[in-house]
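The values are calculated or read from the model by the stated rules, or taken from the named source; none is laboratory data. The structure displayed is predicted, hence computed values, not measured ones. Every residue, glycine among them, receives a Cβ derived from its backbone with ideal geometry; neighbour counts consider all protein chains shown. For the accessible areas, the whole protein counts, side chains as well, though only heavy atoms, and no ligand, DNA or RNA atoms are used. Shrake-Rupley method; radii C 1.70, N 1.55, O 1.52, S 1.80 Å.
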Amino acid sequence: MYEEIAVRRGNSETPGEDILAMLMSARDETGAGLSDQALHDEILTLLVAGHETTATTLAWGLHHLMETPAVGQRLHRELEAAFPDGMVAPERVRDLEYLQAVVNEILRIIPIAVAVPRRLIRPAQIAGYDLPAGTLVAASIYLAHRSERNWEYPDDFVPERFLTGRTSPFAFLPFGGAHGAA
């Protein structure tokens with residue numbers, strides 16, 4: 001990876017159109033770009049974490065589709081209607097509402113991360129406990145996604161729940177939720 005970064009840095013005429021080129025062109029508020037170490041670490045994270053999480057999500061998705069044939073049939077009908085010739089047009093995928101609902105339900109049932117740590121930037125009281133600034137706390141995505149307060153029949157695979165409107169960002173946070181002040 002370091003060799004590829006060096007080649008790219010030495011050849012500014014053809015930066016490329018891939019994720020490395022995009023990361024190399026990123027600038028912070030001072031105009032500084034990412035160091036070679038930071039570029040290496042970002043690419044490595046994308047390759048390792050992206051591969052494993054995608055494969056796991058696909059495997060669980062197939063499991064749930066096999067367990068709920070009606071969902072698979074409805075999804076198949078949507079895909080056939082959108083792409084009757086079998087050729088998938090990537091720009092049309094975002095318009096497939098049921099596919100998005102199925103993916104969201106897979107991520108709700110089996111989130112990519114089960115918990116997300118956050119460091120408090122100011123004191124807080126959580127569940128009756130006084131916690132000082134600097135305390136590391138972890139929100140359980142798994143428990144939020146399986147809470148009966150947030151979801152009717154939380155253990156059931158029901159993609160239709162995502163067709164009825166927006167979900168709360170505190171009830172559905174498959175990628176860990178927003179980074180913000182706690």
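Quick notes on this one:
- In this entry, region 112-166 is assigned a mean projected area of 5.2 nm², taken as a quarter of its C-alpha convex hull surface.
- Within the chain, longest stretch clear of exposed trypsin sites (Lys or Arg not before Pro) (DSSP loop, no more than 14 other Cβ within 10 Å): 28-93
- Mean residue ellipticity (222 nm) of the chain, computed from DSSP H runs ≥ 4 via -39,500 (n - 2.57), nearest 500: -14500 deg cm²/dmol
- Value of relative contact order over region 56-123, rounded to a whole percent, pairs C-alpha under 8 Å and six or more apart: 39 percent
- Each Cα pair under 8 Å and six or more residues apart adds its sequence gap; the mean of these over the residue count of the chain is a relative contact order of 18 percent.
- When exposed loop sites are taken as GluC sites (Glu not before Pro) in a DSSP loop with at most 16 other Cβ atoms within 10 Å, the longest stretch of the chain clear of them is 30-147.
- Gaussian network model of the chain, springs between alpha carbon atoms under 10 Å - residue of A59, A89, A171 with greatest fluctuation: A89
- Calculated Cα extents along the principal axes in Å (choose from [x] 59, 54, 25; [y] 88, 47, 28; [z] 47, 43, 34), label: [x]
- Taking amide H as placed 1.01 Å from N in the peptide plane, the amide H of A139 sits under 5 Å from that of V116, R118, each at least 5 places away or on another chain.
- Just the protein heavy atoms count here, and of the accessible area of region 58-125 at 1.4 Å, carbon and sulfur take up 61 percent.
- In the full protein context, region 72-134 carries 67 Å² of accessible surface per residue, based on a 1.4 Å probe and ignoring ligands, DNA and RNA.
- Per-residue 3J(HN,Hα) values for region 86-93, derived from phi via the Karplus relation 6.51 cos²θ - 1.76 cosθ + 1.60 with θ = phi - 60°, read x, 8, 7, 9, x, 5, 8, 4 Hz in sequence order (x marks Gly and Pro).
- 3J(HN,Hα) along region 139-147, derived from phi through the Karplus expression 6.51 cos²θ - 1.76 cosθ + 1.60 where θ = phi - 60°, amounts to 8, 8, 5, 4, 5, 4, 6, 10, 6 Hz, with x in place of Gly and Pro.
- Karplus 3J(HN,Hα) series, Hz, for region 157-167 with 6.51 cos²θ - 1.76 cosθ + 1.60 (x for Gly, Pro): 8, 9, x, 4, 4, 8, 9, 8, x, 6, 9
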